[in-house]
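Working notes, beginning with the structure itself.
The values are calculated or read from the model by the stated rules, or taken from the named source; none is laboratory data. If you're wondering where the values come from, they're calculated on a predicted model, not measured in any experiment. FYI the Cβ positions are ideal-geometry reconstructions off the backbone, even for glycines, and counts take in every protein chain you see. With ligands, DNA and RNA removed, areas are computed over all heavy atoms of the protein, side chains included. Shrake-Rupley method; radii C 1.70, N 1.55, O 1.52, S 1.80 Å.
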Amino acid sequence: MNQSSEELQAAVKAALSKNAQDLLVLDIKDISSFADSFIIATGTSNRHIKTLVESIEEALKAMSVTPLSIEGLTEAKWVLMDYGNLIVHIFDEESRSFYDLPKLWSDASEIQVELSTK
């Protein structure tokens with residue numbers, strides 16, 4: 001497993017550990033010049049979204065991976081966490097429905113992430 005897939009797996013595991021809703025991972029490397037993967041998840045409230053962000057940030061920091069930027073945390077309706085090749089989008093339900101990233105990125109393939117038991 002390469003570093004990118006380990007980071008992807010850690011971020012997914014962290015989000016799911018905090019009950020992220022409707023988690024989706026898209027492979028965009030063949031259709032994008034700026035990233036390899038998107039993680040898209042939904043939080044049930046502003047507090048839940050912030051908890052998801054903190055959980056992902058802590059998991060990746062433990063791997064010595066820090067975000068290039070985190071945007072949208074103040075309102076916590078759509079938080080974008082930019083880790084270079086990995087972009088994490090955490091939405092509230094209304095924003096996720098409105099922006100509909102899976103439709104916008106319909107040429108991307110879905111990645112099935114198998115979580116290790118480490």
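Charges were assigned to the Cβ only: +1 to each Lys and Arg, -1 to each Asp and Glu. The resulting dipole of the chain about its Cα centre is roughly 340 debye. Taking every Cα-Cα distance in segment 45-109 and sorting them into 10 Å bins starting at zero, the pair-distance distribution P(r) comes out as 20, 49, 28, 2 percent.
Net charge dipole, segment 1-66: roughly 280 debye, given to the nearest 20, about the Cα centre with Cβ charges of +1 for Lys and Arg and -1 for Asp and Glu.
Taking the Cβ of Lys50 as the centre, find all other residues whose Cβ is under 12 Å away and add up their charges (Lys, Arg: +1; Asp, Glu: -1).
Details: positive: Lys18, Arg47, Lys77; negative: Glu54, Glu57, Glu75, Asp92.
Neighbour charge sum, excluding Lys50 itself: -1.
Pairs of alpha-carbon atoms within less than 8 angstrom and 6+ residues apart define the contacts here; what relative contact order does the chain have, in percent?
Values: 194 pairs, mean separation 35.2, N = 118.
Once divided by the residue count of the chain, the mean separation gives 30 percent.
With N set to the residue count of the chain, report its C-alpha Rg divided by 2.2 N^0.38 Å to two decimal places. Each step should come with its number before you reach the end.
On the way: Rg = 13.0 Å, N = 118, 2.2 N^0.38 = 13.5 Å.
Normalised Rg, Cα atoms only: 0.97.
Taking 0.36 nm per residue of sequence separation and removing the Cα-Cα distance, the Ser69/Ala35 pair yields an extension gain of 10.9 nm.
A 1.4 Å probe run over the protein chains yields, for the chain, 59 Å² of accessible area per residue, whole-number rounding. Cross-link partners for Lys18 among the lysines, with Cα-Cα distance under 21 Å and sequence neighbours closer than 8 places in the same chain left out: Lys50, Lys61, Lys77, Lys118. Stretched out straight at 0.36 nm per residue, the stretch from Glu58 to Ser5 would grow longer than its current Cα-Cα span by 17.4 nm.
Expressed as a whole percentage, what fraction of the accessible surface of segment 28-118 belongs to carbon and sulfur atoms when a 1.4 Å probe is rolled over the protein heavy atoms? Could you put the intermediate results ahead of the total?
Details: 2650 of 5620 Å².
Carbon plus sulfur share of accessible area: 47 percent.
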